[in-house]
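Read the structure below first, then the notes.
The values are calculated or read from the model by the stated rules, or taken from the named source; none is laboratory data. All values derive from a computational prediction rather than experimental measurement. All Cβ positions, glycine included, derive from the backbone under ideal geometry; neighbour counts span all protein chains shown. Remember, those area values only see protein heavy atoms, side chains included, never the ligands or the DNA or RNA. Shrake-Rupley method; radii C 1.70, N 1.55, O 1.52, S 1.80 Å.
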Amino acid sequence: MPSSQKIRCILIDDEIPAIDELNFLLSDFSDISVIGTANSASQGVKIIAEKEPDLVFLDIQMPGKNGFHVLQEIMQFPEPPLVVFATAYDEYALQAFEENAVDYILKPLSRERLEKSIKRVRCLVYANCEEKVELPDMNALLNSMGMNTKVLRISVEANGRILLLEPSDVILCRVEERKIMIYTAKGIFPCNGDKTLDKLEERLQGQPFFRTSRSEMVNLTHVRDFAPWFNGKYVVTMKHIAEQEIIISKGRVKNFRQRLGLA
């Protein structure tokens with residue numbers, strides 16, 4: 001979006017005075033355009049689908065469906081909007097939002113606090129920040145709040161049965177003779193469900209897995225140690241599986257260190 005174009009915004013809150021107050025405060029920002037409001041979660045989802053805004057200010061506590069339900073539904077949209085949460089209380093929610101949402105604002109709202117939030121939104125919408133601002137992982141947020149109903153398991157073949165593994169039990173995923181093999185502390189099993197490592201990686205998004213090469217993916221929580229290798233590569237040793245050294249290509253080393261919080 002060019003910086004001359006306004007950020008199209010929708011406000012969702014069951015309290016009309018709260019919407020009026022936020023609308024008034026946002027009128028001070030020349031690049032923010034409020035294109036709609038809603039007083040319930042269901043109405044909010046409908047208007048977001050119709051108007052496709054860039055940004056939504058979303059209340060948490062509403063009768064019937066709450067803000068989490070709105071988030072759950074709009075995350076299924078092809079291009080979900082950015083979401084800033086506005087809440088009058090609920091420390092439980094604030095703790096979850098701090099690392100995952102674009103921002104949260106504690107009521108009563110102030111122009112100074114709102115300005116900080118808008119600044120962060122501009123960075124994400126216009127993509128012209130000096131500092132990199134990561135897009136929020138709203139699916140991770142929904143998981144943290146217990147809102148996603150899907151149970152993530154990795155199915156493998158074991159003694160003629162289908163064994164369902166927790167992602168945390170998986171140490172290494174490796175393609176061997178066109179078959180994905182799943183390495184755990186208790187053994188090595190053929191993957192039953194996912195046919196390609198790309199599909200498995202996609203399904204494990206939000207989990208601590210790292211693609212070390214086209215044919216291997218490791219669980220970072222099971223990395224024991226690593227060391228520089230030749231030509232800028234790294235060699236990684238995993239816990240619980242003997243004699244399994246994983247090579248990380250030069251082009252993936254920086255990302256590997258970042259995922260471990262080392263760069």
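Here are a few things to note about the model shown:
- Per residue, segment 1-83 exposes 49 Å² of accessible surface when a 1.4 Å probe is rolled over the protein heavy atoms with every protein chain present.
- With both labels modelled 7 Å from their Cα along Cα-to-Cβ, the Glu50 to Arg214 distance reads 4.9 nm.
- Accessible solvent surface per residue of segment 212-263, calculated while the other protein chains remain in place, 1.4 angstrom probe, Å²: 62
- Percent carbon-and-sulfur accessible area, segment 1-83, ignoring ligands, DNA and RNA, probe 1.4 Å: 48
- Percent accessible area from carbon and sulfur atoms, segment 181-263, protein chains only, probe 1.4 Å: 48
- The protection proxy used here, the mean number of other Cβ atoms lying within 10 Å of each residue, ranks peptides 47-58, 251-262 as follows, highest first: 47-58, 251-262.
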